[in-house]
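Okay, structure first, notes after.
The values are calculated or read from the model by the stated rules, or taken from the named source; none is laboratory data. The model shown is predicted, which means the values in this text are computed figures rather than measured ones. Reconstructed Cβ throughout: ideal geometry from the backbone, glycine too, with neighbour counts over all protein chains shown.
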Amino acid sequence: MADAPVAGESAPAFNLADQKDDKVRLSSFKGRKVLVYFYPKADTPGCTTQSCGLRDVAGDIGDTVILGISPDLPPKLAKFDEKYGLGFTLLSDPDHATAEAFGVWGEKSMYGKKYMGIVRSAFLIDEKGKVEAAWPKVSPKDTPANLLKALAAG
């Protein structure tokens with residue numbers, strides 16, 4: 001697994017299918033800030049809290065783009081978006097190549113069982129494609145607050 005990019009480093013490039021099955025490239029957002037957040041599974045309690053929290057601050061972040069990435073396939077992402085009225089792009093990373101490039105695919109443990117999965121993390125990418133801020137192992141509730149604080153500071 002790659003190390004997570006830190007502030008000042010270039011964000012790993014990606015080209016993933018969104019909830020409408022359209023391809024989305026990180027590079028297509030040059031000139032705008034982008035929040036890239038990784039979550040384990042659509043429509044689970046923590047992921048719903050995190051995504052709905054971002055939905056709720058979307059009106060306060062100017063033209064910053066929100067991109068959520070999980071291993072879920074586009075139809076599941078579309079249901080998640082529809083159910084909660086998220087209104088931002090959700091990307092499918094079923095082979096977790098993008099998660100690995102961002103250093104967020106790792107060993108997890110639940111009820112004593114170890115398995116590989118997404119380590120919930122978020123990255124604010126600046127207008128030139130560099131990481132402005134990184135929040136590894138972020139709590140679902142902290143993601144929107146961290147984003148607002150970073151945008152206010154920068």
Open item on the list: Suppose we keep only residues that are on the phi < 0 side of the Ramachandran plot and among the aromatic types (F, W, Y) within region 101-146. Which one would you say is farthest from the chain's Cα centre (by Cα)?
Closed with: Y115
Open item on the list: Pull out all pairs, ordered by first then second residue, where Cβ-Cβ is under 6 Å, the residues are six or more apart or on different chains, the first lies in region 111-129 and is at pLDDT 95 or above, and the second is loosely packed, with under 12 Cβ neighbours inside 10 Å and not in a strand (DSSP E or B).
Closed with: E127/G31
Open item on the list: I'm checking my understanding of the structure. Among residues of region 52-105 that are among the small types (G, A, S) and touching a strand residue (DSSP E or B) at 6+ places or on another chain (Cβ under 6 Å), which one is farthest from K149 (Cα to Cα)?
Closed with: S92
- [ ] Output the residues belonging to region 17-50 that are in contact with a Pro (Cβ under 9 Å, 6 or more places away or on another chain) and not in a loop (DSSP other than H, G, I, E, B).
- [x] A17, D18, L26, P45, G46, C47, T48, T49, Q50
- [ ] List every residue pair whose Cβ atoms sit under 9 Å apart, with the two residues 6 or more apart in sequence or on different chains, where the first one lies in region 135-151 and is closer than 16 Å to V6 by Cα and the second, anywhere, is among the polar types (S, T, N, Q) and assigned to a helix (DSSP H, G or I).
- [x] W135/T143; W135/N146; V138/Q50; V138/N146
Open item on the list: Just the residues that are among the charged types (D, E, K, R), over 23 Å from R55 (Cβ atoms) and in contact with a Gly (Cβ under 9 Å, 6 or more places away or on another chain), please, taken from region 101-126.
Closed with: E107, K108
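One line per residue, one yes/no per condition, for (1) within 19 Å of P71 (Cβ to Cβ); (2) polar (S, T, N, Q):
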| residue | (1), (2) |
| --- | --- |
| A7 | no, no |
| P12 | yes, no |
| L26 | yes, no |
| G31 | no, no |
| V34 | no, no |
| F38 | yes, no |
| A42 | yes, no |
| Q50 | yes, yes |
- [ ] Could you pull out the residue among L54, L86, L67 that is touching a residue at least 24 places away in the same chain (Cβ under 8 Å), within 18 Å of N15 (Cα to Cα) and buried (at least 18 other Cβ atoms within 10 Å of the Cβ)?
- [x] L67
Open item on the list: Please go through region 114-154 and give me each residue that is farther than 21 Å from D56 by Cβ, hydrophobic (A, V, I, L, M, F, W, C) and surrounded by fewer than 19 Cβ atoms within 10 Å (Cβ to Cβ), ordered by number.
Closed with: M116
Open item on the list: Just checking, does region 90-111 include any residue being surrounded by fewer than 21 Cβ atoms within 10 Å (Cβ to Cβ), closer than 22 Å to F29 by Cβ and of a type in the set (S, T, N, Q)?
Closed with: no
TODO: Say whether the condition of being in contact with a Phe, Trp or Tyr (Cβ under 8 Å, 6 or more places away or on another chain), assigned to a strand (DSSP E or B) and not aliphatic (A, V, I, L, M) is met by at least one residue in region 75-92.
DONE: no
Open item on the list: Within region 15-47, take every residue that is among the β-branched types (V, I, T) and modelled with pLDDT of 95 or more and give me the one that is nearest to the chain's Cα centre (by Cα).
Closed with: V36
TODO: Go through region 1-49 and count every residue that is more than 19 Å from A134 (Cα to Cα), of a type outside the set (G, A, S) and out of contact with any Asp or Glu (no Cβ under 7 Å at 6 or more places or on another chain).
DONE: 12
